[in-house]
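Engineer: Okay, handing you the structure first.
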Amino acid sequence: MKDKNIYDVIVIGGGPAGLNAALILGRSRRKVLVFDSRQYRNEMAMSLNGYLTRDGIAPAEFLEKGREELKKYDVKIIEEEVIDAGKNQSGTFMVSTENGKNFYSKKMILASGIKDNLPDLQGADLCYGKSLFHCPYCDGWESRDKIIAIYGIKKKGYEQAKAMKNWSNKVLLFTDGREELLDKQFKILKKLNIPVYTEKIERLLQKSGKITGIKLETGQTIKCEVMFFNTGFSQRSNLGEKLGCRYTKKGSLKNDDEQHSNISGLFVAGDAARDMKLVVVAAAEGVKAAVAINQELEKEELKELLQKEKIYV
Ligand SMILES: Cc1cc2nc3c(=O)[nH]c(=O)nc-3n(C[C@H](O)[C@H](O)[C@H](O)COP(=O)(O)OP(=O)(O)OC[C@H]3O[C@@H](n4cnc5c(N)ncnc54)[C@H](O)[C@@H]3O)c2cc1C
């Protein structure tokens, strides 16, 4: 295979992490190929909050602006899902797309994001991103002073209920029939005026995605306006497994401070990786991976040149 058929970097994922990585690599005069199946994590959200200069922007608009900015660089975006990825003996990465095409690169970034595990409640899918949220830093401000229901079991629900007191005085905790709080936790929640409903939930009551209440299986209805949940996530893609990546206990891809995975030449960035899962962090991780890759390529290219010229230093 001739070198011209090999991209410097293939980026899997065109969310904030992948696009910002591509931006820095493009500006470093690298030949970059981004694959994007366009199923980004916050696609159901009304707005993207907490990103300086873009606070409140629609997520789709944010991504379109990003793609627009990439047009002046040597960055190609293909809107296809990568279904397989691997690395051959000589260190070249290969990906196969859903349309049966193969592409090759010297380095790879996995920025394929995650999917939230929604609470298993009737109506949850309709409310997700409108009145059902997972992250107070994303949607806490918009929920301030509202009646906030927390859906969570064990320590997670307890911790999230306590944390939300900063955004509203009207916080309620629902454990959905799984009463797994300790006596001490019940006492602390009582002190904080956080009622705990341990009964099983029948369904969410909602109008056009806006939660109006929660119906318990006992028949009781409790009024609330938004719900925050803490029921974990899973990786959007299984390519990490195919490539032999290591995962944390919570299911994030493991990486070091420069976004290296455990596979040489493979970097991970954004929500798929192990750090805080916010747009600004995802974008920053994309940048870190891009800089580390560019520096690795510089070293490898110099080494190759010196070997060719038979210069030994
Ligand atoms: C309801 C909701 C609201 C949120 N609000 C905020 C907020 O206000 N502020 C904030 O900072 N964060 C917010 N977040 C978090 C934010 O969405 C993520 O931190 C951010 O999207 C992570 O960016 P990413 O690039 O890592 O992943 P994503 O944005 O999820 O992008 C990953 C991309 O990779 C693509 N992909 C995956 N697998 C493949 C494959 N095999 N082949 C090709 N492409 C693939 C996907 O299609 C997707 O486009 C919110 C999340 C949710 C769920």
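Engineer: Convex hull volume of the Cα atoms in region 159-268, per residue, in Å³?
Structural biologist: Spelled out: Cα convex hull of region 159-268, divided by residues, is 177 Å³.
Engineer: Oh, and also: Anything over 32 Å Cα to Cα? Flag those among LYS210/LYS288; LYS146/LYS288; LYS115/LYS223; LYS31/LYS277, in the order listed.
Structural biologist: Listed pairs above 32 Å: LYS210/LYS288; LYS146/LYS288.
Engineer: Over region 74-199, what relative contact order in percent results from Cα pairs under 8 Å that are six or more residues apart?
Structural biologist: Once divided by the residue count of region 74-199, the mean separation gives 14 percent.
Engineer: Of all DSSP beta bridges in region 1-149, what percent run antiparallel (nearest 5)? If you can, show how the numbers build up before the last one.
Structural biologist: On the way: 10 of 25 bridges.
The antiparallel fraction comes to roughly 40 percent.
Engineer: For every other residue with a beta carbon closer than 9 angstrom to the beta carbon of ARG41, add +1 if it is Lys or Arg and -1 if Asp or Glu, then tell me the sum.
Structural biologist: Combined, the nearby Lys, Arg, Asp and Glu give 0.
Engineer: Taking every eigenvalue of the Cα gyration tensor of region 196-239, multiplying by 5 and rooting it, what semi-axes result, largest first, whole Å?
Structural biologist: Values for region 196-239, descending: 26, 14, 9 Å.
Engineer: What translational diffusion coefficient, in µm²/s and rounded to a whole number, does the Stokes-Einstein relation yield for region 42-188 at 4 °C and a viscosity of 1.567 mPa s, taking the hydrodynamic radius as the Kirkwood radius over Cα pairs?
Structural biologist: So the translational diffusion coefficient is about 68 µm²/s.
Engineer: Helix-derived [θ] at 222 nm for the chain: sum -39500 (n - 2.57) over DSSP H runs of at least 4, divide by residue count, nearest 500?
Structural biologist: The per-residue figure over the chain is -8500 deg cm²/dmol.
Engineer: Using only the alpha-carbon atoms, how far is helix 279-308 inclined from the longest principal axis of the chain? Give it as 0 to 90 degrees, nearest 10.
Structural biologist: Once rounded, the angle reads 20 degrees.
Engineer: Follow-up. Got a sec to turn the phi values of region 210-225 into Karplus ³J(HN,Hα) couplings, 6.51 cos²θ - 1.76 cosθ + 1.60 with θ = phi - 60°, whole Hz, x for Gly and Pro?
Structural biologist: So the Karplus estimates, Gly and Pro as x, are 9, 5, 10, x, 10, 9, 8, 5, 6, x, 6, 10, 10, 6, 7, 10 Hz.
Engineer: In what order do MET276, MET46 fall by count of nearby beta-carbon atoms within 10 Å, going from fewest to most?
Structural biologist: Numbers: MET276 12, MET46 15.
The order, fewest Cβ neighbours first, is MET276, MET46.
Engineer: Can you give the angle from 0 to 90° between the axis of helix 154-164 and the longest principal axis of the chain, with both taken from C-alpha atoms, to the nearest 10?
Structural biologist: Tilt relative to the chain: about 80 degrees.
Engineer: Relative contact order for the chain: what is it in percent, counting Cα pairs under 8 Å that are at least 6 residues apart?
Structural biologist: 20
Engineer: Still on this structure, I have one more. With axes computed from alpha carbons, what is the tilt in degrees of helix 59-70 against the longest principal axis of the chain, rounded to the nearest 10 within 0 to 90?
Structural biologist: Roughly 10 degrees between the two axes.
Engineer: Okay, next question. Sort 208-221, 141-154 by the packing proxy (mean of other Cβ within 10 Å over each peptide's residues), most packed first. Write down the numbers at each step before the final one.
Structural biologist: Working: 208-221: 14.9, 141-154: 19.0.
Sorting 208-221, 141-154 by mean packing, highest first, produces 141-154, 208-221.
Engineer: Which Cys residues of the chain have no other Cys Cβ less than 4.7 Å away and so no disulfide-compatible partner by this rule?
Structural biologist: CYS127, CYS224, CYS245, each lacking another Cys Cβ under 4.7 Å.
Engineer: Next question, about the same structure. May I ask which of LYS154/LYS250; LYS242/LYS299; LYS200/LYS254 have a Cα-Cα span longer than 24 Å here?
Structural biologist: In this structure, LYS242/LYS299; LYS200/LYS254 lie more than 24 Å apart at Cα.
Engineer: If you add up the charges near LYS210, with Lys and Arg at +1 and Asp and Glu at -1, over every other residue whose beta carbon is less than 9 angstrom from its beta carbon, what do you get?
Structural biologist: Result for the neighbourhood of LYS210: +1.
Engineer: So how do 13-25, 183-195 stack up, highest first, on mean other-Cβ count within 10 Å?
Structural biologist: 13-25, 183-195
Engineer: With 10 Å bins from zero, work out the P(r) of region 74-151 over every alpha carbon pair and list the percent per bin.
Structural biologist: Per 10 Å bin, starting at 0, the Cα pair percentages come out as 13, 31, 17, 22, 15, 2.
Engineer: How big is the gap, in Å, between the Cα center of region 119-173 and the Cα center of region 25-79?
Structural biologist: First find each Cα centre; the distance between them is then 28 Å.
Engineer: How big is the antiparallel share of DSSP beta bridges in the chain, given as a percent to the nearest 5?
Structural biologist: Counting DSSP beta bridges with both partners in the chain, the antiparallel share is about 45 percent.
Engineer: For the chain, what does the convex hull of the Cα positions come to per residue, in cubic angstrom?
Structural biologist: On the way: hull volume 48.6 nm³, N = 313.
Enclosed volume per residue, from the Cα hull, is 155 Å³.
Throughout, read-outs are computed from the coordinates displayed, never taken from laboratory work. This structure is a prediction, so every number in the text was calculated from the model and none was measured. Note that each Cβ is placed from the backbone with ideal geometry, even for glycine, and that neighbours are counted across all protein chains shown.
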